[in-house]
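Novice: Below are the structure tokens for one structure; questions will follow.
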Amino acid sequence: MAASDSPVPVPPKLLPDAIHQAVKPGTALLRLETTQSRQGVLDGAWWPRSRDLTTELPALITALTGHLGPITRVGLDATAWQDIPTRLVIDDQVVHLDSDPVGDDTVLITRGHNDHFALLVVPPGTTADAAREAMARAVRADNITQASQLLIAPTTDPADA
């Protein structure tokens, strides 16, 4: 076989193309920054399957608790989510929910009394390629791009609207 006939290696993708259709609502698709510097604008990214907060948030909080410790508060834009309660009990912990004008592309997570983490929220209808790109950029330690600018060409499935 000639060198020109050998297959071109394909770099592995972080998430398979069909991952968003394969996972059920309530499954957390999450990336966190792996450095301790926390100098970037965002600390991670979350790709929920729907805008139903009571379905989506428990898996996120469980995953974050495993990495960060107990989560006490979540701040999010009320216009982006359906029926936001003032608190949820997740894994026997009370998590308070606050309506903040952070925009529908960001969620603020509080650990303890005053340790905040900002996560990009990738809209549920975003294509797999756009979600992968936005999530990868969000977790870079040197990221200075705001969440709304990281979302590249999101497309919404009419069934999710």
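The values are calculated or read from the model by the stated rules, or taken from the named source; none is laboratory data. These numbers come from a predicted model, not from an experiment. In case anyone asks, the SASA skips ligands and DNA or RNA and just uses the protein heavy atoms, side chains included. Shrake-Rupley method; radii C 1.70, N 1.55, O 1.52, S 1.80 Å.
Novice: Carbon and sulfur: what percent of the range 33-151's accessible surface (1.4 Å probe)? Write down the numbers at each step before the final one.
Specialist: On the way: 2660 of 5620 Å².
Reported share for carbon and sulfur atoms: 47 percent.
Novice: Right, next: How large are Rg and Dmax for the range 64-104 when calculated on the C-alpha trace, in angstrom?
Specialist: In order Rg, Dmax, the Cα atoms of the range 64-104 give 11.0, 29 Å.
Novice: Take the range 44-129, compute every pairwise Cα distance, and split them into 10 Å bins from 0; I just need the percent in each bin.
Specialist: 17, 58, 23, 2
Novice: Still on this structure: Over the range 44-161, with the other protein chains present, what is the accessible area per residue in square angstrom, probe 1.4 angstrom?
Specialist: Numbers: 5680 Å² over 118 residues.
Dividing the accessible area of the range 44-161 by its residue count gives 48 Å².
Novice: A further question follows. Any chance you could look up the accessible area of HIS67 with a 1.4 Å probe, heavy atoms only, rounded to 10 Å²?
Specialist: Looks like 140 Å² after rounding.
Novice: A further question on this structure: In square angstrom, rounded to the nearest 10, how much accessible surface does THR62 have for a 1.4 Å probe?
Specialist: Estimated to the nearest 10 Å², THR62 gives 60 Å².
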